[in-house]
Structures are given as structure tokens and as C-alpha cells.
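The values are calculated or read from the model by the stated rules, or taken from the named source; none is laboratory data. All of these numbers come straight from a predicted model, not from anything done at the bench. Note: ideal-geometry Cβ built from the backbone for every residue, glycine included; neighbour counts use all protein chains shown.
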Amino acid sequence: MSIRGTKISNLIFFYPDYVILSDNQKYIYATGLLSNSIAKINLKTGVIKYANAGPYPFAVSQADNGKRLIVSDWGGDEVRLFTPSLKYLGKISFDNNPMPSSGMHPTAIASVSGTPISLIAASNNDRIFVVDTKSLKVVKIIHISPYKHAPYGSYPDGITISGKYFFVANAGNNDVEAFNLSDYKPIGLIQTAWYPTSLTSSGKSIYITDAKGLSAGPNLEYQWICSFMHGAVQKVGIKYFFKNKSYLTHLALKDDGFTLKQRAARKAKEEAEIKFLRKHIKHIVFILRENKTFDEDLGDYARAGKWADPHLDLYNKKELPNLYKLANKYALFVNFYADGEVTAQGHEWTTGASDSDYVQRVWPENYSGRGLRYPQSRTLLKPAIPDKDDTFLNPAYIGNRLMKKLHVHLTNIWISYPYKLYLFNDMLSHHISFADFGEFVAHTRINGVNRQMEAHVVSEYPGWNRDILDTTRAKIFIKWAKKRLKENKFPDFTYIWLPDDHTAGLAPCYYTPQYYVANNDEATGKIISFLSRSKIWKNTLVFLTEDDAQSGADHISAHRTFALMMGPYVKKGALIKQRYSQVSIVKTIEAIFNLPPMSQWDANAKVIINGFTSKQDNGRPYKFLKITVKKRLNPGVCSQVQKLRLKLGAKLPKKYVPVNFSGNNPVVKISRKNLYTPTTLLKVDGYQQFKQEWLGVKGVKSFHKVVAYIKTLAEKEKAPVAHFIGLGK
């Protein structure tokens, strides 16, 4: 980035994310997301000044006829005020709790012309804060809610003012809400496309940008989900809105399932089944695996009929004998969908029934290798230098200071959390016993896990590690479970992550894709076999699904994956054709344990009521099928380090000790080749993952054949290739 020849060095440290032109059109003000700073750029001379702007500055606006600049701090629950010369004036805090578990996420700003008043969207807790930039006080708090007492999840993240009114883009609700500027009362809703993130007004119309547009875009070449999620722009006449506001409001609510009639109907329909499940189900086990579409794993599953396409089958009964056998014995969901596109979202949906605006906005920047950390990774949230003497430093220096001096502040991953946190937190507060095998839990802002939560996390269970096989993970779980069963202390809820069906693609010296998938299948079979022989099985329900739909093709939807439901009260051989998603599983778990919803999604999701039987199956326990795929490594030169890693992974120590990133470990700049991006082989982007797995399993000719088939299918259905291939990391 440069202005008239003045180059900003080490741009990765600055990361400009919001830019405005000064009222006198002489300067540009830009927020630097990674440097926690704001830059003032002289358009004539190219001279640049910097000031600290707080943790993760999101937006900047001019207030009170340009007398002040107001900056929203995404990671700070606050806004900061500056003079036009970048002299710091103070801040306005939105949260009196000094150590909240999640953030409010101040994002979009709109300033009322001719006044010191500004409106700030707090995306993560559904609020609009009205502030006086002169007195540095909050004068009004507006609650964004689609209906009375709705949980969080509207995610307001765009604001524009038009005359006597202002409009708020609600990314989570796929709508825009209109308000009176005089009394801040709501007027009505406008339905939008998927995930509106910003809007502006011409006076006669409002223009809305929808980040995810209409889902898959019309592109026959790019097959990764990040490449075909084309955005959209809407134009809505303001007069048209006011003329039709009642109809438009009803349409927006109905589309989300938020009308009183819809919510009452769902409750009435599910009431009897919930009562039945609460009576008979005392233990729930949730097994989460990685990155598979329905057709990728079950395209050759004949019983699925039109729901399966054998042309798109990558793995089948050879690698997945237990999946096929379990689908025959229990209930298979054939019309089941992932709620996110990639892993960074998937684990949020399966544990929190939502993913925050931060995760939604940041994961594409990380996956594309443009400098941001993985959303759930350590995050830079503290100012680079003390605010004193009006010192303005260049972003390279700011970045170096951050990396070298402020490592203690690099562990604040809480910014990624949805406001009500996760299922584990709900269970803890409602005294539901649980055990977590491999999934993340919410940390405090100093990267601690409270002792009550820590007691439920099985620390000896390895998380993401391609050198440790899932059969080892299953062994650890079974050993742990035997002890708890003997002590009559098996938890109400158990969450197990089996990640190896992700595979390592064709990365040299890692196991072949076929072996990873087959090992994952055997691990799954062993766990079900063990549970079905245990004394708790008579009152147990098991869910199994993938974290997202990736790495393969699907003839129905890029978001379609599969789910299994297992237990003595599950109908044998059921094919469940009712549309469900990951949040439906979360909602069913909450319903059985009588837990409140965490977000608007699980509050309004359907409880799974298909696939159950009142007659308990007391038949034979499940007998797992052993792996038949040979244990082989991908070809390539093996380093001594990788050989050692594989050896240690195969002979896991009795006590698995995860790497501890807290404390005073020195932080160094990671070389680009080692960044956690789609360019690495262990976390390749969707198209490469699809390509590498297919090449590794079926070879070059088969890969070209399946790509040609997908294009033919797309042309026949008059749909983009993207509709059939949902790929990610």
C-alpha cells in the first residue's frame, strides 16, 4: 500500500480494514486491524501519521461536523475518540464487566450530521449504542430483536442514516431494520439475501451488500466454497418500504420462521416427542468427524436411492464398512446439512449453535493467506505502545513491538466466541455432567479455563494431530469410559472428536487418504461397539456427523453432509428425509436435557422427531468391522523429524500432554510457508483437498472423469458446479 510513492512497509502488520475520506477531502483515515492503530494519510504529500486505536479497530467515522473521529474497537467493547490530528480524547466503554467471557464486538458506526451523536452496532450482543462523542457517554441502548425475548443472533453489523431514519443490517437475520432517528423506535423490516454486512443511502434508496449473496455462485471453474460464495447488492426504495412495511416485515419474519404462529406450531408438534425422549434418554454421545459430503462417503449406498449419486462416491464400503453397517442398523439422515462452510465455522455451530460475526468475517482472510490468524487462535488485542506524547509510529515498528513485547496478550481467543458461549458452558451452569474429548472450550480473557470447566475436559485425549490415529483416540475414550462406568460416573453428555477422516491429502510421509478414512471408520465402530455393550446403552442416544461438507462433491447441495442416529430407541434402518442440520442436533440435545437456547438458531431449529420408536430394541450389541485397507504412507521423502513424529504417534505415551502456548513463551514471526493457510498440505483448500483425496484414492483418470461428470450434471440441472461441490478446510 502506498500514497503518492510513500510505501507502508510490512503491510501485514497494519492490515487496513476500513477507510474514510475527511470532510475537507484532504486526508484519508484508515484503521489498521493488526496494528491496533489508525492512520491519517495526507493525499497531497503522502505523509502518514499513526495513533493507537485500541484492540482490533473496526470502523472509523467523523462526528460533530468533523471535530472528532470515533473508532470502534472490535476486540475492546468500546469506542475511542480522537481529534482530526489524531490526538487521543478518551473512550466510551460498553461493558462494565472487566472480564466478560465473550465480546460485544463494536463494529459499524453512523454519525448524525451536525450533532455529536453517533450510532454504534455491537454485533455480538444485538445492541445499537447511541453515544455522545462530546461528553463521552452512552445516551441510549437499542435492543435488536426479531421478537420479544429472542436470544442473541441478529448480528447487527451495518448502519446508515437517511434523513429522519436510520437502517440497521442484521447479518444473522438476513434483514434490514428501520428506526426513527428521533425516538429510536423500530419501524419495520426488509428481507435481504444471505448475511447483509453493510448498507448506505442515496436519500431515495438504500443499498445493501449481502456477503454470501444467494449461496453458491454461477461459476463452472472455481470449485472451492470460498471462491463461489458470491456477494450481492440490493437496492430498496425508501418510499416503497414505507408503503409496504407491514407486508415486508411479515415476509422477513416468516422467512426466518420467527412469526408467533410458526414458533407455536413447532412447539406443539415437538412437545410429545420431547416428553418421550426425556423419559427414556439419560445419556447422549455426540461424535464429530471431518469434512465429508454425503455423496463422497455414501454415494454408493444403494438404500439411499435418489439421495445418493454413485458417480460422486470417493469412499465406500471398502473404507467405510462400519458407516454402511451402522446406516443399515440404525437411522441415516439423507437430507442433512452443515450450517457453515468450513471448519472454523463448523465447530462453532456444533457447540454453540452459531458462529460470531468475527468468525464469519475473519475466516476468509485467514484461509486465503492474507495475514490474519485462524479465528480461534491467539489474537493481538492490546495497543502496541503507550498513548503518550502524541507519538506516531510506523506500522512495522508497531508490529515488531507487538510480536516481541506483548506476547502475554496473544492468547485472547475469546473474540471468536458467540455471546452466549457454548453447550459446555450451558451444561456447567445447569449441572448437566459432561465430558469433552478433543473439542475446544471457552477460555477467559487471560487464556484460562476455569477449574469447573477443566474438570470436564479429558486432557489426555489428543486433538488435531495427523500423526495420531483415531483408533488410538478410541482406545483412550474406551479406557476412560470403562473406569467411569465401573464407578457409576459416566456423564450425561459426551462429545468426541474423531478428526482423521480429514486426511492429509497427498502430503509425503503421512498416511494415505484411504487409510485415514478407514482408520476413522474403525474407531467409530469400536466406540459404538463398546457403548452398545455397556450398562447405560438402554438409555443412550448417539449422534454422528461431520463438522462441514467439504473435500468432495454432492449432487444435491454443496452444504449437504450426513448424520447417523444410534441407540435402542432408534428405528432400525430408518432413512430420515426430513430436512435437518447440525443445529437440529444441538436443539435436540438441549431439549432432552431441558437446556435453554444459546442463539436464535437453536431457539428456532426443529427438534429431531423422526426416527424414534417406542419399542426398545434389546437385540444384539453392535459388532464392529475391522479395517481392511493396508497401512501405507504417501510417497515422498521423509524427514527424520516426521519419522519420529509418526513413531511417537503410533506409540502414544500413557499421558498425552498437549503443547502449552500460554505463559512467557517468546513469539516470533512465522515464515509464510508455515502459515496455517490453504497452501499447506495438511490443511489444503477445498479444491486441492478434493483433488488430492480423489487422486490418492482413485487416480488421475478417475479424477478427470468425475470432474467431467460434475460439469455435465451442472449443465443438465442448469446449476453451477459450485452447487454440487462444497469444499473447504
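Beta carbons closer than 6 Å, at least 6 apart along the sequence or on distinct chains, pair a first residue in the range 193-205 that is more than 10 Å from Ile159 (Cα to Cα) with a second that is outside any strand (DSSP E or B) and of a type in the set (A, V, I, L, M) for Ala193/Leu214; Tyr195/Ala171; Pro196/Ala171. Within the range 246-278, the residues that satisfy the criterion of being touching a helix residue (DSSP H, G or I) at 6+ places or on another chain (Cβ under 8 Å) and assigned to a helix (DSSP H, G or I) are Leu248, Lys254, Asp256, Gln262, Arg263, Arg266, Glu270, Ile274, Leu277, Arg278.
With respect to (1) modelled with pLDDT of 95 or more; (2) crowded, with 20+ Cβ neighbours inside 10 Å; (3) at negative phi, the lone exception for Lys185 is condition (2).
Every condition in (1) more than 30 Å from Ala150 (Cα to Cα); (2) of a type in the set (Gly, Ala, Ser); (3) crowded, with 22+ Cβ neighbours inside 10 Å is met by Ser614 except one, and the failing one is (3). Taking into account only those residues within the range 576-602 that are part of a helix (DSSP H, G or I) and polar (S, T, N, Q), which is nearest to Thr540 (Cα to Cα)? Filtering the range 576-602 for residues that are part of a helix (DSSP H, G or I) and polar (S, T, N, Q), the one nearest to Thr540 (Cα to Cα) comes out as Thr588. Filter the range 401-424 for residues that are within 15 Å of the chain's Cα centre (by Cα) and in a helix (DSSP H, G or I); which is modelled with the highest pLDDT? Restricting to residues being within 15 Å of the chain's Cα centre (by Cα) and in a helix (DSSP H, G or I), the top hit is Leu423.
Per the listing Ser205, Ser154, Ser145, the residue uniquely closer than 19 Å to Ser113 by Cβ, modelled with pLDDT of 95 or more and of a type in the set (Gly, Ala, Ser) is Ser205. When the test is whether a residue is polar (S, T, N, Q) and in a helix (DSSP H, G or I), Asn322 passes it. Where strands (runs of 3 or more DSSP E) sit wholly within the range 37-124, none has at least 1 residues that are in contact with a Cys (Cβ under 9 Å, 6 or more places away or on another chain). Pick from the range 277-296 the residues that are surrounded by fewer than 16 Cβ atoms within 10 Å (Cβ to Cβ) and either among the hydroxyl-bearing types (Ser, Thr, Tyr) or touching a residue at least 12 places away in the same chain (Cβ under 8 Å) (or both): which of them is nearest to Ile432 (Cα to Cα)? Applying the filter and picking the extreme gives Lys282. Looking only at the range 462-493, which residues are among the aromatic types (Phe, Trp, Tyr) and either touching a residue at least 60 places away in the same chain (Cβ under 8 Å) or in contact with a Gly (Cβ under 7 Å, 6 or more places away or on another chain) (or both)? Listed by number, the residues that qualify are Phe490, Phe493.
Count of the range 216-245 residues, restricted to those that are at pLDDT 95 or above, of a type outside the set (Lys, Arg), assigned to a helix (DSSP H, G or I) and touching a strand residue (DSSP E or B) at 6+ places or on another chain (Cβ under 7 Å), is 2. The set of residues from the range 261-300 being under 13 Å from His555 (Cβ atoms) and of a type outside the set (Asp, Glu) comprises Thr293, Phe294, Leu298, Gly299. In the range 126-152, which residue that is of a type in the set (D, E, K, R) and part of a loop (DSSP other than H, G, I, E, B) is nearest to Ile109 (Cα to Cα)? My answer is Asp126. Search the range 607-618 for residues that are assigned to a loop (DSSP other than H, G, I, E, B) and at pLDDT 90 or above and pair each with any residue that is among the polar types (S, T, N, Q) and surrounded by 16 or more Cβ atoms within 10 Å (Cβ to Cβ) when their beta-carbon atoms are under 8 Å apart and the residues are at least 6 apart or on different chains. Final answer for the pair search is Val607/Ser584; Val607/Thr588; Ile608/Ser584; Ile608/Thr588. Here Ser433, Ser459, Ser532 are screened, and the one residue that is among the small types (Gly, Ala, Ser), touching a residue at least 40 places away in the same chain (Cβ under 8 Å), under 24 Å from Ile592 (Cα atoms) and surrounded by fewer than 20 Cβ atoms within 10 Å (Cβ to Cβ) is Ser433. Checking each residue in the range 29-75 for being of a type in the set (Val, Ile, Thr) and within 33 Å of the chain's Cα centre (by Cα) picks out Thr31, Ile38, Val60, Ile70, Val71.
Could you look through the range 497-546, keep only residues that are aromatic (Phe, Trp, Tyr) and touching a strand residue (DSSP E or B) at 6+ places or on another chain (Cβ under 7 Å), and pick out the one that is farthest from Leu646 (Cα to Cα)?
Narrowing the range 497-546 to residues aromatic (Phe, Trp, Tyr): 497, 510-511, 515-516, 530, 537, 543.
Cutting the leftovers down to touching a strand residue (DSSP E or B) at 6+ places or on another chain (Cβ under 7 Å) gives us 497, 510-511, 543.
Details: Trp497: 20, Tyr510: 8, Tyr511: 9, Phe543: 31 Å.
Filtering the range 497-546 for residues that are aromatic (Phe, Trp, Tyr) and touching a strand residue (DSSP E or B) at 6+ places or on another chain (Cβ under 7 Å), the one farthest from Leu646 (Cα to Cα) comes out as Phe543.
In the list Asn394, Asn322, Asn316, which residue meets the criterion of being more than 20 Å from the chain's Cα centre (by Cα) and either over 27 Å from Val629 (Cβ atoms) or at pLDDT below 90 (or both)? Lay out the reasoning, then the answer.
Working: Asn322 fails: either over 27 Å from Val629 (Cβ atoms) or at pLDDT below 90 (or both); Asn316 fails: either over 27 Å from Val629 (Cβ atoms) or at pLDDT below 90 (or both).
Being more than 20 Å from the chain's Cα centre (by Cα) and either over 27 Å from Val629 (Cβ atoms) or at pLDDT below 90 (or both) holds for just one of Asn394, Asn322, Asn316, which is Asn394.
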